[in-house]
Structure formats: C-alpha cells, structure tokens
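The values are calculated or read from the model by the stated rules, or taken from the named source; none is laboratory data. Predicted model only: the values in this text are computed from it and were never measured. For neighbour counting, all protein chains shown are included, and Cβ atoms are generated from backbone atoms with ideal geometry for every residue, glycine included.
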Amino acid sequence: MSIHLHLRAVAESEIRDDHTWLAAFMSEAWDNHPDEYAAGIADSINKVFGSVNDLYVAADALDTDVAKPWELPIYGGRPVPHRTDADPSNPPLMILEPPGVRQAAEFLATVSFDELWNVAGAELVWSGWDEAQVRQEFLDHHRDLQGFYGRAASAGHAVVKAVWA
C-alpha cells in the first residue's frame, strides 16, 4: 500500500474552508503533481512522512523554543473537518496559514540537518537498511521541504496538506 503526504502551496484567498471543495482541489492537484512539483508549488513524501516528522522532533532536544516550529512542516496546520455525511474516502486535510508557512520555512532554513541526524538518525534507520542510504533519503526530503516552504513563504501562500492512501 502506498500512502503519501501531499503538500500544495496556494494563495490563501483561493482556499475555500470546505472539506468537499478542498478535497476536490487537492485531488486535481494530485493528478497534476508532476507538473506542480516541477513548478515548485507542490511536494509529497511517500510513506515516511511520519519519520521525517520524527527527525524534526529532534530539534526539541537542540532548542527550547516554546513555539516548536519543528511541528509545522509535516503535521502543522488546522484540520479541515469532514461533514458527518461526507464521503469517508476523502483524505484528511489541513491548512497551514501563511504565518505558519513562514515559521516552517524559517525553521527549515536554519536547522542543521546534521545536528538533527546526530540526535535522531539511529532511530530512523530501518533494520537491514544501509545508514548512508537512509540518511540521504531524509536529506533529500529535508532539502525538498526547505525549497518548497521557502518558495511558499516568499509568495505569502498557505499550504494545504492531504494524506492519500
């Protein structure tokens, strides 16, 4: 089974705070993901997004910042509730508003991947996997997220998140 965290930058004024509408918007964005990824307005992480979040949680050991911006890149945002009669196959959705996007971008731009890896890396290497290969995968996700959130913050955009199974 494949599961993805799909992130899409969008002007906040273009977002409808309605799960049905937002699910349809994100579904269309997912269908166009290769083009949107190439344009720098979308990103996704297959299966390991929870582990990428665990990497960022290591920032808590490095910094005592009460705001905890490390929570923002993966799971940050306001959940968009389903209506009780909504299609249960619709994905869970979140909206991270522009101030949160800026905080996420600042965190990702300033946090040291090497320091995060030194704190959390041993817990993230899957049994039987080569540590260098796993480290590179996480570094690639980190760099993708840095670029994505940096562009979204520069444009003043919000980020909509969907989990596709």
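Considering only residues that are crowded, with 17+ Cβ neighbours inside 10 Å and in a loop (DSSP other than H, G, I, E, B), look in the range 85-100 and name the one that is modelled with the lowest pLDDT.
Asn90
Could you list, in sequence order, all residues of the range 140-165 that are loosely packed, with under 13 Cβ neighbours inside 10 Å, in a helix (DSSP H, G or I) and among the small types (Gly, Ala, Ser)?
Matches in the range 140-165: Ser154 only.
Residues of the range 34-84 being of a type in the set (Gly, Ala, Ser) and surrounded by 14 or more Cβ atoms within 10 Å (Cβ to Cβ), which ones?
We begin by selecting, within the range 34-84, every residue of a type in the set (Gly, Ala, Ser); these are 38-40, 42, 44, 50-51, 58-59, 61, 67, 76-77.
Result: Gly40, Ala42, Ser44, Ser51, Ala58, Ala59, Gly76, Gly77.
Could you figure out which of (1) closer than 20 Å to Arg135 by Cα; (2) in contact with a strand residue (DSSP E or B) (Cβ under 9 Å, 6 or more places away or on another chain); (3) free of Cβ contacts under 8 Å to residues at least 60 places away in the same chain isn't true of Asn32?
Evaluating Asn32 over (1) closer than 20 Å to Arg135 by Cα; (2) in contact with a strand residue (DSSP E or B) (Cβ under 9 Å, 6 or more places away or on another chain); (3) free of Cβ contacts under 8 Å to residues at least 60 places away in the same chain leaves (1) as the failure.
So, of the residues in the range 101-127 that are among the β-branched types (Val, Ile, Thr), part of a helix (DSSP H, G or I) and more than 16 Å from Arg143 (Cβ to Cβ), which turns out to be farthest from the chain's Cα centre (by Cα)? Full working, then the answer.
We begin by selecting, within the range 101-127, every residue among the β-branched types (Val, Ile, Thr); these are 101, 110-111, 119, 125.
Narrowing the set further to residues that are part of a helix (DSSP H, G or I) leaves 101, 110, 119.
Still in the running and more than 16 Å from Arg143 (Cβ to Cβ): 101, 119.
Numbers: Val101: 10, Val119: 21 Å.
The qualifying residue farthest from the chain's Cα centre (by Cα) is Val119.
Considering each of Glu123, Glu137 in turn, give the residue that is surrounded by fewer than 21 Cβ atoms within 10 Å (Cβ to Cβ), of a type in the set (Asp, Glu) and modelled with pLDDT of 95 or more. Give the steps one after another, and end with the answer.
Numbers: Glu123 fails: modelled with pLDDT of 95 or more.
When all the criteria are applied, what remains is Glu137.
Determine if the range 25-33 includes at least one residue that is within 13 Å of Lys161 (Cβ to Cβ) and modelled with pLDDT under 95.
Step one: filter the range 25-33 for residues within 13 Å of Lys161 (Cβ to Cβ), giving 25-26, 29-30.
Add one more test, that the residue is modelled with pLDDT under 95, and what stays is none.
No - not one qualifying residue is present in the range 25-33.
Sort out which residues of the range 47-61 are under 15 Å from Val163 (Cα atoms) and of a type in the set (Ser, Thr, Tyr), and write them in order of number.
Ser51
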